[in-house]
Amino acid sequence: MKFRTLSYYLSEAFKSLVRNRLMTLASILTVFSCIFILSFFYSVAMNIDYNLARLEGSLSLSAYIVDEIDEAQVLELLNEIDAIENVAEIEFISHEEAFNRFLEMFADDPMFRLGLSPTDLPRSFVITLEDVGEYASVIAALQQMVNQGRGLEFVRYHQHIINVITTLNTGIRIVSVVMILILIVLANVIIVNTIRITINSRRNEITIMKYIGATDWFIRWPFIIEGMLIGLIGAALPVVIVWFGYNGSVDAIYNSFFMIEDVLIFRSAASIFVVLLPLALSIGMGIGVYGSIISMRKHLHV
Amino acid sequence: MITVNNVTKVYENGASGLDRVSISIKPRDFAFIIGSSGSGKSTLMKLLLKEIEPTSGEIIINNINLGGLAHNEVPYFRRKIGVVFQDFRLLPNKTVYENVAFAMQVVETSSRDIRRTVPAILAMVGLQRKSKAYPNQLSGGEQQRTALARAIINKPPILLADEPTGNLDPDTAWEIMDLLEDINNRGTTVVIATHAKDIVDEMQKRVIALRNGQLIRDIEKGGYEDEV
């Protein structure tokens, strides 16, 4: 393709976009909504995944010890638990240790420790796993010890939090995928109509082009480029907006919630947008080009 | 140059367009195809441009058998044929210069060649002063001259004109005919479908007469004659 021909295609495409401003705007807006939702939920999902992985990695099990057993029995239990497959580390928390931790936690609230003595807080083991994903077998082994009355009271694990977050994350993903799909279809319908209007307004020109000996592709390219531009503009705008919105929100959250970094760490914008930008642009361009092709098949008989 | 061999065209609705017509037009010929409305003139012009396909028979133009031409070869075939219409078919949002240059753009001519060729052609058709005008600022004759410039700018060996003077007053019609004759004198084969009796009578060129889709007369030099 000659440079001159390419610039002809581009100028024809731009002229059509300007000529049919209203339809162009409508098409760009639908692609915009679609890519905006995609960008928004992608950013959220990436952070949820990231923090879930972090959370899972840092989780430990707590197994509480009944008051009736003595230190020798506790040591026996400790050895037994340490021997369970997938247990990486085991730490014994005595009454005093538990009490100290409690005092530390509620240092600002002396009311909480009124009348509280170290023996009121149970002894426990804090168990770290080698592979968090395989926690179920360790829980089962511990639960069996609880049932057998071996001196363990109950086992606490934060899996339910992970389950809730994972379910929420899956829900958000399903809703966003459905919304994106609906918007893709809508964007497609509007783009097909925009290109149809362009084709109709240029019908005379197309007939003349055919008489002069224009090839099919010479006639088609401006329409394809028009669709491509609608898709690109519609995709680039929301990505830019979400980029600034993301950075702004992360800063705002870090600044408003003290020590939130201990719980939640946001991924850097760059690490999200390095995937999101090409993804959004290709989807936008794909929607645009697909719309043009459908419209040409229906309305342009070259 | 143009060979129409026993061509019949029956439209899908059963209407007959052409009935076993055979014509041979040599290079540099100047031929009128005459006949009243519905005689088959337009059908013949469309067949020559490969806008429609014959039901039977064959058409050979510039040694190309149109029946064997693939869809993607048609544009390249059409580049060898200039065409003008009764309604000019200019692009209203392009100037005279741009309308003519457009024909070169479509066949991907370089900008340098376009800048060199268009003014020369516009001078030839007498429109050098109107190059920046838009079609709605031109008279009918000027519009048809623009259309002629566009038709010949890629130097096609054949020029087809479908009722080129149908929308013009007699004086302007003669200007266009003079231009067509001039183009023919420069070596282009010119085929004109018309029912402008006075022009055909006056010019005494080859006349191919059609009636009800059939060839009723084909003479080297002649006039319109009333039986058409």
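The values are calculated or read from the model by the stated rules, or taken from the named source; none is laboratory data. In this text, all values refer to a predicted model and were calculated from it rather than measured experimentally. Cβ atoms come from the backbone with ideal geometry, glycine included; neighbour counts cover every protein chain shown. Accessible surface areas use protein heavy atoms only, side chains included; no ligands, DNA or RNA. Shrake-Rupley method; radii C 1.70, N 1.55, O 1.52, S 1.80 Å.
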Quick calc: nm separation of the 7 Å Cα→Cβ label points for A:Arg150 and B:Asn212 -> 11.1
Taking protein heavy atoms only, a 1.4 Å probe, and rounding to whole percent, the accessible area of the range B:11-118 owed to carbon and sulfur comes out at 47
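Using only DSSP helix segments of four residues or longer, with each worth -39500 (n - 2.57), what per-residue ellipticity at 222 nm results for chain B after dividing by its residue count and rounding to 500?
Value at 222 nm, helices only: -9500 deg cm²/dmol.
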Counting only protein heavy atoms and rolling a 1.4 Å probe, one gets per residue an accessible area for the range B:90-212 in Å² of 42
Once phi for every residue in the range A:192-200 is put through the Karplus expression 6.51 cos²θ - 1.76 cosθ + 1.60 (θ = phi - 60°), the whole-Hz ³J(HN,Hα) values, with Gly and Pro written as x, are 3, 6, 4, 5, 4, 4, 4, 4, 5
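Classify the range B:1-89 as rounded, prolate or oblate, taking a ≥ b ≥ c as the square roots of the eigenvalues of its Cα gyration tensor: rounded when a/c is under 1.5, otherwise prolate if a/b is larger than b/c and oblate if not. Please list the in-between numbers first.
Values: a/c = 1.30, a/b = 1.14, b/c = 1.14.
Since a/c stays below 1.5, the shape of the range B:1-89 is classed as rounded.
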Residue by residue through the range A:105-110, the couplings from Karplus 6.51 cos²θ - 1.76 cosθ + 1.60 with θ = phi - 60°, in Hz, x for Gly and Pro, are 5, 10, 4, 7, 10, x
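Averaged over its residues, how many other protein chain Cβ atoms are within 10 Å of peptide B:68-78's Cβ atoms? List each step's numbers first, then the result.
Working: counts 0, 0, 0, 2, 3, 1, 5, 12, 2, 1, 5.
The shielding value for this peptide is 3.
Within the set of other residues whose C-beta is less than 12 Å from the C-beta of A:Arg150, count the net charge using Lys and Arg as +1 and Asp and Glu as -1.
So the surrounding residues net to -4.
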In debye to the nearest 20, the charge dipole size for the protein assembly as shown, taken about the Cα centre with +1 at each Lys and Arg Cβ and -1 at each Asp and Glu Cβ, equals 4800
For A:Lys2, the lysines lying under 21 Å Cα to Cα, once residues fewer than eight places off in the same chain are dropped, come out as A:Lys15, A:Lys210
For the range A:90-169 the mean separation of alpha carbon contacts under 8 Å (6+ apart) over residue count, i.e. relative contact order in percent, is 29
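Go ahead and estimate [θ] at 222 nm for chain A from helices alone: -39,500 (n - 2.57) per DSSP H run with n ≥ 4, summed, over the residue count, rounded to 500. The partial results should precede the final answer.
On the way: 9 runs with 216 residues, N = 302.
Rounded to the nearest 500, the figure is -25000 deg cm²/dmol.
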Rounded to the nearest Å, the spacing of the alpha-carbon centers of the range A:153-194 and the range A:1-77 is 10
Partner aspartates and glutamates whose C-alpha sits under 12 Å from that of B:Lys50, ignoring same-chain residues fewer than 8 away, are B:Glu58, B:Glu73
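Calculate the mean, over all residues of peptide A:202-212, of how many other protein chain Cβ atoms lie within 10 angstrom of the residue's Cβ. The partial results should precede the final answer.
Numbers: counts 1, 0, 4, 6, 0, 2, 11, 6, 6, 15, 17.
That average works out to 6.
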Mean other chain Cβ within 10 Å across B:103-109 is 6
